[in-house]
Amino acid sequence: MVQLNDYLIKLAAELPGRLDYARKLRRRFIFDELAGRIDEYLNEGKTGTVLLPGLRGTGKTTLLGQLYFYTLSKTSEVIYLPVDELHLLGFSLYEAVERYLELFRPEKPVILLDEVHYDEKWDLTLKVLHDRMEYLIIATGSSVLKLKENPDLSRRAKHIEVKPLSFLEYLHLKGEKVKRIGLKALFEFDEDSLRKALSDVLRYGDEAERYLRLGSLPVALELGKREAYEAVFTLVERIVYRDLKEFRDFDSSTLDSAMRLLFILANPKGERFSYERLSKTLGVSKSTVMELVRALVRSGLLIEIPPVGSPTRKVRKSPKLKFLAPAMRASILQRFENIDNAALFEDAVALYLHGAGRLEYEPDKGGADFLLTRNGKHYVIEVGLGKSDTSQVRRSMERLKAEKGIVIGNEFDVREDILMIPWWVFLGLV
């Protein structure tokens, strides 16, 4: 049986070689913020805990590997532990950290923990380490981190979600030089900034479709089309058959139903669903369907967008469901050779707007694709790769008493209360 001391000594020696692949790759935008936290700790002694939850395939392990080399360039005192490997070998996270501190006696270590959710007591361990006020801890994990940490750690730690790639980040990782204008220009109808984005993005028009189909996940960047679709579909299967068990002890038959549910939802016609109809189609109870949807949302695979209206109406009407990473919908549709770019683009819009404000949709026929409430203002947002008409968005603005309307389609036009912006320019904002 492997002894913990021997394992930690061997791991410390092997890490530069193990993680060397990460050093050769371009860094995600989030890297600079995390590197800044490391600098604050090393230069000013600012301790703390940073949790990096996120969907499978968003590059969390690579990001942590790059932070490992960045820290090594500043100090030799860096602890990097792959918690999934510790779990496999039968070691707890707490005993591994304590033993590492005893063996190497670092005075001011940066502690990097990958896949921390594999340890049953990860949250308690991080709370104990955090309360010592001696370290900077950066830990990655699945979306389950947001659900299973204790309240004490939740209050103490900073949470930074590692999301799928935006279009500009996709271009950046491919080696292009890009500049982010940001969604603020969209909401402020900043014509000068939006025209700048229009000019900047024009030369990347051919890449926009590739981004929608595969570019939202780093795993697909270095692979051919067929291999990339298979790699992303494998991620979807792992989320269903491994991660969903973190939320409830589903049996294998129910997990098969979850997979079939995703196939239904991936079809553009499947987003306007009812739990009753899905229950009949899948041959499982309505309550089971609702549990599966909740688990898929909590896993990070789907975004749940509630209907506009009173709490009673929100309960009565089904939510709209979007795939957090458009590539995941594409990997399912590709198996039927029926990829719908319009549906993928709506996923991308939901990804961009998720977290920008309160996101809802208008469930009645002819209703708005999205209603975003941000800083006290209501924005009706209509989405369509060929849209060039403002009548629908104006009707929704009147019904919903919204101050602004945004049409993301083909045209560029800035009016007092309605903005029309080409879809590829929207993608090129962040």
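Miscellaneous remarks
- Relative packing of peptides 28-37, 227-236 - highest average C-beta neighbours within 10 Å first: 227-236, 28-37
- Annotation: aspartates and glutamates with alpha-carbon distance below 13 angstrom to LYS317 (same-chain offsets under eight excluded): GLU271, GLU276, GLU304, GLU360, GLU362, ASP364.
- Helix axis angle, 122-131 relative to the chain longest principal axis, alpha carbon, degrees: 70 degrees
- Contact order for the range 279-430, expressed relative to its length and based on alpha carbon pairs under 8 Å spaced 6+ residues apart, stands at 13 percent.
- For the range 61-182: lysine pairs under 21 Å (alpha-carbon distance), excluding those fewer than 8 apart on one chain: 16
- The protection proxy used here, the mean number of other Cβ atoms lying within 10 Å of each residue, ranks peptides 119-127, 40-48, 320-328 as follows, highest first: 320-328, 119-127, 40-48.
- Relative contact order [Cα under 8 Å, 6+ residues apart], the chain, whole percent: 14 percent
- The residue among GLN392, ILE332, SER142 whose Cα reaches farthest toward the positive pole of the charge dipole of the chain, with charges on the beta-carbon of Lys, Arg, Asp and Glu, is GLN392.
- Relative intensity of the range 1-138 on a log10 scale, I(q)/I(0) at q = 0.10, 0.14, 0.15, 0.16 Å⁻¹, equals -0.30, -0.62, -0.72, -0.83, per a Debye sum over C-alpha point scatterers of equal strength in the absence of solvent.
- Among GLU134, GLU161, GLU107: highest mean-square fluctuation, GNM of the chain, C-alpha pairs under 10 Å: GLU107
- On the basis of the beta-carbon distance and an R0 of 45 Å, GLU107 and LYS365 show a calculated FRET efficiency of 0.10.
- Size descriptors for the range 302-406, from the alpha-carbon set: Rg then Dmax equal 14.2, 43 Å.
- Stretching GLU403 away from LYS377 to a fully extended chain increases their span by 8.7 nm, per 0.36 nm per residue minus the current alpha-carbon distance.
- Comparing LEU302, LEU88, LEU278 in a Gaussian network model of the chain, where Cα atoms under 10 Å apart are tied by springs, the biggest mean-square fluctuation is seen for LEU88.
- Only helices enter the 222 nm calculation for the chain: every DSSP H run of n ≥ 4 contributes -39,500 (n - 2.57), and dividing by all residues gives -14000 deg cm²/dmol, rounded to 500.
Bear in mind that the values in this text are calculations on the coordinates, not laboratory data. Just so it is clear, the model here is predicted, and its values are computed rather than measured. Here the Cβ is made from the backbone with ideal geometry for all residues, glycine too, and neighbour counts use every protein chain on show.
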